[in-house]
Amino acid sequence: MSVLSLLELDSPSEFADWYRIGAEYVYTVSTGMGFDTGTFAADAREATDAMRAGDTDLRPELARSVAADLLADAVFSDPFCEWMPLWYELALAPFVQFADYRLRAVAREYATGLDYLSVPRFSRPRDVYVGGRSPLSTVDGFVNRFVLADALIHLEWYVYVARESGIDVPASLVERTREETVAYYTGQRETLSADVRRFQELLFADDAWVRDIGDAYGLNSALFGVWERILRTERERLAATA
């Protein structure tokens, strides 16, 4: 199966593993940073089992976590692609738009009846400045752009989903991580603070997310393979600088 087969997913049961893998990522980052996860692990298992059964009537805290995860994935790729070369953005545009539609549709089934749940907005190049200029003016090459985009947007993705799942992520750490990340990956800073470096190392475990999605849905995708290698390489490089 290719990555295009993901566009055939359209029911809660088919997105159960999708949510499970996202929840595992949130749990891995959170416990790695020593954040209090409370009952999140058990709640995520309960939510996953309910999704597999096609159940959309979940306890509010579970429904919020599921809806947040799917919404965050729905809106991830469009801003990410704006950081990339135009050929990449144009090639993925049809897939991104349809995936957004599918993920939002299932997320709505869990968001119905919840108190206000915002749709996250992730950073695009026009939202970030380095010395008054676009960060892309200092970053060349596909891989470097990919790593910069992921370092910024996976931080924003994680913070949104973790907080909507009841995990307290310190605002001061998030602010420092964003500031240092932009400076570091645009060559304005030589190193990251120890806790920021550890945070980003854990966040770059999204190589496991890519691999696990591929395995769960039986994909044999060259594109997923490229993503996984880039993310794994950066995670290992950060770990080696500890």
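The values are calculated or read from the model by the stated rules, or taken from the named source; none is laboratory data. Please read all numbers here as calculations on a predicted model, not as lab measurements. Reconstructed Cβ throughout: ideal geometry from the backbone, glycine too, with neighbour counts over all protein chains shown. SASA here: full protein model, heavy atoms, side chains in, ligands and nucleic acids out. Shrake-Rupley method; radii C 1.70, N 1.55, O 1.52, S 1.80 Å.
Looking at Glu89, is it without any contact (Cβ under 8 Å) to a residue 12 or more places away in the chain and closer than 22 Å to Pro120 by Cβ? Before the answer, list the steps.
On the way: without any contact (Cβ under 8 Å) to a residue 12 or more places away in the chain: yes; closer than 22 Å to Pro120 by Cβ: yes.
When the stated conditions are applied, Glu89 passes them.
Which of the residues that make up the range 22-33 are touching a residue at least 60 places away in the same chain (Cβ under 8 Å) and surrounded by fewer than 21 Cβ atoms within 10 Å (Cβ to Cβ)?
We begin by selecting, within the range 22-33, every residue touching a residue at least 60 places away in the same chain (Cβ under 8 Å); these are 22-26, 28-30, 32-33.
If the condition is that a residue be touching a residue at least 60 places away in the same chain (Cβ under 8 Å) and surrounded by fewer than 21 Cβ atoms within 10 Å (Cβ to Cβ), then Glu24, Thr28, Gly32, Met33 are the ones that fit.
Out of (1) over 14 Å from the mean Cα position of the chain (by Cα); (2) touching a residue at least 60 places away in the same chain (Cβ under 8 Å), what's the single condition that is false for Ser137?
Unmet for Ser137, out of (1) over 14 Å from the mean Cα position of the chain (by Cα); (2) touching a residue at least 60 places away in the same chain (Cβ under 8 Å): (2).
Regarding the range 142-149, can at least one residue be identified that is open to solvent by 20 Å² or more (accessible area, probe 1.4 Å), closer than 20 Å to Met84 by Cα and without any contact (Cβ under 8 Å) to a residue 60 or more places away in the chain?
Narrowing the range 142-149 to residues open to solvent by 20 Å² or more (accessible area, probe 1.4 Å): 142-145.
Right, trim to closer than 20 Å to Met84 by Cα and you get 142-145.
Next, from what is left, pick out any that are without any contact (Cβ under 8 Å) to a residue 60 or more places away in the chain: 142, 144.
Yes, some residue in the range 142-149 is open to solvent by 20 Å² or more (accessible area, probe 1.4 Å), closer than 20 Å to Met84 by Cα and without any contact (Cβ under 8 Å) to a residue 60 or more places away in the chain.
Return yes when Ala63 is modelled with pLDDT of 95 or more, more than 28 Å from Leu148 (Cα to Cα) and touching a Phe, Trp or Tyr at 6+ places or on another chain (Cβ under 6 Å) and no when it is not. Spell out how you get there, then give the answer.
Values: modelled with pLDDT of 95 or more: yes; more than 28 Å from Leu148 (Cα to Cα): yes; touching a Phe, Trp or Tyr at 6+ places or on another chain (Cβ under 6 Å): yes.
Here the answer is yes, as Ala63 does meet what is asked.
Scanning the range 34-57 for residues that are β-branched (Val, Ile, Thr) and open to solvent by less than 60 Å² (accessible area, probe 1.4 Å), which turns out farthest from Glu109 (Cα to Cα)?
Going residue by residue through the range 34-57, those that are β-branched (Val, Ile, Thr) are 37, 39, 48, 56.
Imposing the further condition that a residue be open to solvent by less than 60 Å² (accessible area, probe 1.4 Å) reduces the set to 37, 48, 56.
Details: Thr37: 25, Thr48: 15, Thr56: 6 Å.
This residue is Thr37.
Considering only the range 196-226, state which residues are over 13 Å from Thr28 (Cα atoms) and in contact (Cβ under 8 Å) with a residue 40 or more places away in the chain. Steps first, answer last, please.
Quick first cut of the range 196-226, residues over 13 Å from Thr28 (Cα atoms) only: 196-197, 210-226.
If the condition is that a residue be over 13 Å from Thr28 (Cα atoms) and in contact (Cβ under 8 Å) with a residue 40 or more places away in the chain, then Arg197, Asp212, Ile213, Ala216, Tyr217, Gly218, Leu219, Asn220, Ser221, Leu223, Phe224 are the ones that fit.
Can you tell me which residue among Arg197, Arg176 is at negative phi, of a type in the set (Lys, Arg) and open to solvent by less than 60 Å² (accessible area, probe 1.4 Å)? Show your work before the answer.
Values: Arg176 fails: open to solvent by less than 60 Å² (accessible area, probe 1.4 Å).
Just a single option satisfies the conditions, and that option is Arg197.
Which one of these is open to solvent by 40 Å² or more (accessible area, probe 1.4 Å) and under 21 Å from Thr186 (Cα atoms): Arg133, Arg121, Arg104, Arg108? Spell out the reasoning first.
On the way: Arg121 fails: under 21 Å from Thr186 (Cα atoms); Arg104 fails: under 21 Å from Thr186 (Cα atoms); Arg108 fails: under 21 Å from Thr186 (Cα atoms).
Exactly one residue qualifies, and that residue is Arg133.
Where residues in the range 64-91 are open to solvent by less than 30 Å² (accessible area, probe 1.4 Å) and over 17 Å from the mean Cα position of the chain (by Cα), which of them is farthest from Val143 (Cα to Cα)? Working first, answer last.
Taking the range 64-91 and keeping what is open to solvent by less than 30 Å² (accessible area, probe 1.4 Å), we get 65-75, 79-81, 83-85, 88.
Then drop every residue that is not over 17 Å from the mean Cα position of the chain (by Cα), which leaves 85, 88.
Working: Pro85: 10, Tyr88: 12 Å.
Out of the qualifying residues, it is Tyr88.
May I ask you to list the residues in the range 75-120 that are among the aliphatic types (A, V, I, L, M), within 15 Å of Leu9 (Cβ to Cβ) and out of contact with any helix residue (DSSP H, G or I) (no Cβ under 6 Å at 6 or more places or on another chain)?
Of everything in the range 75-120, those that are among the aliphatic types (A, V, I, L, M), within 15 Å of Leu9 (Cβ to Cβ) and out of contact with any helix residue (DSSP H, G or I) (no Cβ under 6 Å at 6 or more places or on another chain) turn out to be Ala99, Ala105.
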